[in-house]
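*Asks:* Take a look at the following structure, please.
The values are calculated or read from the model by the stated rules, or taken from the named source; none is laboratory data. Just so it is clear, the structure is predicted and the values come from calculations on it, not from any experiment. Here Cβ is always computed from backbone atoms with ideal geometry, including for glycine, and neighbour counts include all displayed protein chains.
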Amino acid sequence: MNPDRSWMYNRNNPGRAGMIPEFAEGVTRFINHAMTLDDFLNSRLIRCPCVNCENVRYHTTETVAMHLMMNGFKTGYTVWTSHGEVESDTMFNNFVVGESSRSTEHNYFQGSRMSYMINDAFGMHSNFEQGENVEEAPNEKANIFYEQLRDCSSPLFNGSQHSKLSVTVRLLSIKSDNNISQGAMDSMIELMKELVDPNVEIPDSYYKANALVSKLGLSSIRIDCYEKGCMLYFKEDVNLESCKFCSHPRYKIDSTGKKLVINAMHYLPLIPRLKRLYASNSSAPHMRWHRENRRPSGVMCHPSDGEAWKHFDRTYPDFAAEPRNVRLGLCADGFTPFSVGATPYSCWPVFITPYNLPPEMCMTSPYIFLNCVIPGPSNPKSKIDVYLQPLIDELKLLWSEGVETWDISRKQNFNMRATLMWTINDFPAYGMLSRWMTAGKLTCPYCMEDTKSFTLKHGRKNSWFDCHRRFLPRDHEFRRKKYAFKKNKTERDGPPPILTGDDIWERVQNFPKVTEEPSYKFDGYGVAHNWTKQSIFWELPYCKDNLLRHNLDVMHIEKNYFDNLFNTVMDVTGKTKDNVKARLDLPEHCRRLELHLQESANNKLLKPKASYSFTMEHKRNL
């Protein structure tokens, strides 16, 4: 039975003689509830359910409260379905008008969020107090759900705001935030049990606390690996005790004779996390947004508006027919977890994000899933594919067979499939994942061997200066200029052809994978091509049909570009790109006489001030 919310439509006293206090109190409770939802936690905005906004527009909490006071709630909104509730939800039954103070409301909603977490874990919302309207007979998973829900809803003792589960989660959070050892955690728990009544249920140890939380269903897998990245001890290789390529041992023996794994990676399975999206009312309805909210032609505010998405739909209409099938993106980058002064160490997290969601939810923290952590101490470079094998296996399963998934928004099971649309990385990681190495003269993954790059004699770096004119229209005036770009040169060539997925697959299909021959190198590398291996992503049947297999992260590019431009304009010593070596290379390629180095009376080279560099006076004015 849903709570009595008749106050929502009883706003003013008769004759409009002021607002009824009960309505104002109810609005306050509604705002407090909305502030516990992901929408607010991510954007600090909530949906406004007033008569005018009708849950379509997002506003600040102050604006929503003002709208509700002035306009009232939209008709028939006694169940807050756009704010985390479902029709049969009784989680607010105990929320009696005028009964609790602000602090009690806060504690109630904390418990409510814990209940939602349990609901998410087991894919259902239950009328657990009444025990009625159960559509299917409870299975083993549902029985675990009821057991967990009782732990969540039952206080540790009369008057307590905490349950066994909430205390457990809080303890694990404290351990993680403060880097507390397992032994110290066990000692803390032992002290807590001595301080409270023996009948109060608190986990006996860190192990039991971890076991309780693990029932939520989002586990991680520890996979042993060779420290130099040759292989994973995975699937058919799980029982090997040495590397099958270089015979390096899997274990080291400690002083007691115990075997210790030399290196391991942590893998967080993708499928349970995708199923969780459909088990929660805060995300399940939004997973169809890309289909139900089509934009006019020529308007782009979401990846689903792009040609790559539409091309995939046309190529695989059976996949596109189910809007709940998931489109994914992958991102990987390295970071140093320790301080600069420590021993150099970097690890590589790999993230997966679903693109079905609307723009305000897409790419936000709750929907960016950590998939695995590639261990250090150094960059995996060409061997990153070795660590992606478990993910590729899951992606192949999600494409070929799919997995049965409960969609709480439609109260039905469906076969969920998924596709990896593209990767997004900085330029070095782009090369690691695409296997076209982004270094040397053949760096450009589009021009490939048809590049016009050259090496600077004095700077000793590769340059792509004046490579852009070939992409201009044939009749563009810049093509005919001899001195504005490279001196004494006009441009008559057209752009290099853009290779299709089939064209690239034809080139790489006979190359070995890094999982097969880690140290193999091809003839002609750096001269005729820049391929290092066949990328593991080609194992996905649809890879060749993706128009955009790999993308660049503009955040990295913008920062690096800004730094170089700023340091050059400000003429920062040691950081400007307009240095002596650049000026020495200038006469060979450009007709910029005013920038050529000049020889002084004492035979020293002087660098004339460029028109684009700030003087000291300019810097002061800025």
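*Asks:* Yes or no: region 32-44 includes at least one residue that is at negative phi, charged (D, E, K, R) and in a loop (DSSP other than H, G, I, E, B).
*Replies:* Scanning region 32-44, I find no residue that is at negative phi, charged (D, E, K, R) and in a loop (DSSP other than H, G, I, E, B), so the answer is no.
*Asks:* Restricting to region 359-379, and then to whatever is closer than 22 Å to Ser346 by Cβ and under 9 Å from the mean Cα position of the chain (by Cα), can you tell me which residue is surrounded by the most Cβ atoms within 10 Å (Cβ to Cβ)? First the steps, then the outcome.
*Replies:* First, pick out the residues of region 359-379 that are closer than 22 Å to Ser346 by Cβ: 368-379.
If we keep only those that are under 9 Å from the mean Cα position of the chain (by Cα) as well, we get 368-370.
On the way: Ile368: 15, Phe369: 20, Leu370: 14.
Selected residue: Phe369.
*Asks:* What number of residues within region 158-186 satisfy the criterion of being over 14 Å from Val213 (Cβ atoms) and part of a helix (DSSP H, G or I)?
*Replies:* Number of matching residues: 6.
*Asks:* Find all pairs meeting these conditions: Cβ atoms under 8 angstrom apart; at least six residues apart or on different chains; first residue within region 353-377 and within 15 Å of Lys275 (Cα to Cα); second residue part of a helix (DSSP H, G or I) and hydroxyl-bearing (Ser, Thr, Tyr).
*Replies:* Listed pairs, sorted by first residue: Thr353/Tyr367; Pro354/Tyr367; Tyr355/Ser304; Leu357/Tyr367.
*Asks:* Let me ask something additional. Do we find that Phe478 is over 26 Å from Asn551 (Cα atoms) and either touching a Lys or Arg at 6+ places or on another chain (Cβ under 8 Å) or at pLDDT below 90 (or both) in this structure? It would help to see each step written out before you state the result.
*Replies:* On the way: over 26 Å from Asn551 (Cα atoms): yes; either touching a Lys or Arg at 6+ places or on another chain (Cβ under 8 Å) or at pLDDT below 90 (or both): yes.
Yes; evaluated as a whole, the condition is true for this residue.
*Asks:* Now, a different point. Just checking, does region 406-425 include any residue being in the same structural domain as His286 (by TED's automatic domain parsing) and within 30 Å of Lys457 (Cβ to Cβ)?
*Replies:* Looking for residues that are in the same structural domain as His286 (by TED's automatic domain parsing) and within 30 Å of Lys457 (Cβ to Cβ), one finds none in region 406-425, hence no.
*Asks:* So which of Leu565, Leu584, Leu593 is touching a strand residue (DSSP E or B) at 6+ places or on another chain (Cβ under 9 Å) and assigned by TED's automatic domain parsing to the domain that holds Tyr612?
*Replies:* When all the criteria are applied, what remains is Leu584.
*Asks:* Lys275: in contact with a Gly (Cβ under 8 Å, 6 or more places away or on another chain), in the same structural domain as Leu357 (by TED's automatic domain parsing) and not β-branched (Val, Ile, Thr), yes or no?
*Replies:* It is true that Lys275 is in contact with a Gly (Cβ under 8 Å, 6 or more places away or on another chain), in the same structural domain as Leu357 (by TED's automatic domain parsing) and not β-branched (Val, Ile, Thr).
*Asks:* Filtering region 46-93 down to residues that are buried (at least 19 other Cβ atoms within 10 Å of the Cβ) and among the charged types (D, E, K, R), which residue is modelled with the lowest pLDDT?
*Replies:* Only one residue tops the list, namely Asp89.
*Asks:* Look through Lys457, Lys486 and report the one residue that is outside the structural domain of His83 (by TED's automatic domain parsing), farther than 30 Å from Asp393 by Cα, of a type outside the set (Val, Ile, Thr) and loosely packed, with under 15 Cβ neighbours inside 10 Å.
*Replies:* Lys457
*Asks:* For residues that are basic (Lys, Arg), surrounded by 19 or more Cβ atoms within 10 Å (Cβ to Cβ), modelled with pLDDT under 90 and within 19 Å of Asp426 (Cα to Cα), tally how many sit in region 523-566.
*Replies:* 0
*Asks:* Scan region 187-217 for residues that are among the aliphatic types (A, V, I, L, M) and either part of a loop (DSSP other than H, G, I, E, B) or under 30 Å from Thr405 (Cβ atoms) (or both) and jot them down.
*Replies:* Result: Val196, Val200, Ile202, Ala209, Ala211, Leu212, Val213, Leu216.
*Asks:* Now for a separate question. Restricting to region 222-232, name every residue that is within 26 Å of Gly329 (Cβ to Cβ) and assigned to a loop (DSSP other than H, G, I, E, B).
*Replies:* Selection gives Gly229 alone.
*Asks:* Which ones in region 229-267 are surrounded by 14 or more Cβ atoms within 10 Å (Cβ to Cβ) and in contact with a helix residue (DSSP H, G or I) (Cβ under 8 Å, 6 or more places away or on another chain)?
*Replies:* Once the filter is applied, which keeps residues that are surrounded by 14 or more Cβ atoms within 10 Å (Cβ to Cβ) and in contact with a helix residue (DSSP H, G or I) (Cβ under 8 Å, 6 or more places away or on another chain), region 229-267 yields Gly229, Cys230, Met231, Leu232, Phe234, Met265, Tyr267.
*Asks:* Using the structure shown, decide if Cys331 is modelled with pLDDT of 85 or more, closer than 30 Å to Thr532 by Cβ and not charged (D, E, K, R).
*Replies:* Considered against the rule, which asks whether it is modelled with pLDDT of 85 or more, closer than 30 Å to Thr532 by Cβ and not charged (D, E, K, R), Cys331 comes out as yes.
Results for (1) under 21 Å from Thr405 (Cα atoms); (2) crowded, with 18+ Cβ neighbours inside 10 Å, shown as yes or no for each residue.
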| position | (1), (2) |
| --- | --- |
| Ser283 | yes, yes |
| Glu307 | no, no |
| Lys310 | no, no |
| Leu330 | no, yes |
| Tyr345 | no, no |
| Ile352 | yes, yes |
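*Asks:* Please identify the pairs in which a residue from region 526-545 that is in a strand (DSSP E or B) has its Cβ atom under 8 Å from the Cβ atom of a residue that is aromatic (Phe, Trp, Tyr), counting only partners at least 6 apart or on another chain.
*Replies:* His529/Phe522; Trp531/Trp436; Trp531/Phe511; Trp531/Phe522; Trp531/Tyr525
*Asks:* Could you list, in sequence order, all residues of region 599-611 that are touching a helix residue (DSSP H, G or I) at 6+ places or on another chain (Cβ under 9 Å) and surrounded by 11 or more Cβ atoms within 10 Å (Cβ to Cβ)?
*Replies:* Scanning region 599-611 gives Leu605, Lys607, Pro608, Ala610.
Here's the yes/no breakdown for (1) at pLDDT 85 or above; (2) out of contact with any strand residue (DSSP E or B) (no Cβ under 7 Å at 6 or more places or on another chain):
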{"position": "Met361", "(1), (2)": "yes, yes"}
{"position": "Lys381", "(1), (2)": "no, yes"}
{"position": "Trp406", "(1), (2)": "no, no"}
{"position": "Asn415", "(1), (2)": "yes, no"}
{"position": "Ala418", "(1), (2)": "yes, no"}
{"position": "Phe427", "(1), (2)": "yes, no"}
{"position": "Gly431", "(1), (2)": "yes, yes"}
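*Asks:* Which residue pairs have Cβ atoms closer than 7 Å, lie 6 or more positions apart in sequence or on different chains, and pair a first residue in region 301-321 that is in the same structural domain as Glu401 (by TED's automatic domain parsing) with a second residue that is loosely packed, with under 13 Cβ neighbours inside 10 Å and of a type in the set (A, V, I, L, M, F, W, C)?
*Replies:* As it stands, the answer is Asp305/Val299; Gly306/Met300, since those pairs meet every condition given.
*Asks:* Now, a different point. State all residues of region 480-509 that are touching a helix residue (DSSP H, G or I) at 6+ places or on another chain (Cβ under 6 Å) and part of a helix (DSSP H, G or I); if no residue qualifies, say none.
*Replies:* Answer for region 480-509, where residues must be touching a helix residue (DSSP H, G or I) at 6+ places or on another chain (Cβ under 6 Å) and part of a helix (DSSP H, G or I): Gly501, Asp502, Trp505.
*Asks:* Taking into account only those residues within region 560-604 that are over 25 Å from His618 (Cα atoms) and not in a helix (DSSP H, G or I), which is nearest to the chain's Cα centre (by Cα)?
*Replies:* By that ranking, first place goes to Cys590.
*Asks:* State whether the residues of region 18-40 include one that is among the aromatic types (Phe, Trp, Tyr), over 22 Å from Asn281 (Cβ atoms), in contact (Cβ under 8 Å) with a residue 12 or more places away in the chain and not assigned by TED's automatic domain parsing to the domain that holds Glu292.
*Replies:* Among the residues of region 18-40, at least one is among the aromatic types (Phe, Trp, Tyr), over 22 Å from Asn281 (Cβ atoms), in contact (Cβ under 8 Å) with a residue 12 or more places away in the chain and not assigned by TED's automatic domain parsing to the domain that holds Glu292, which makes the answer yes.
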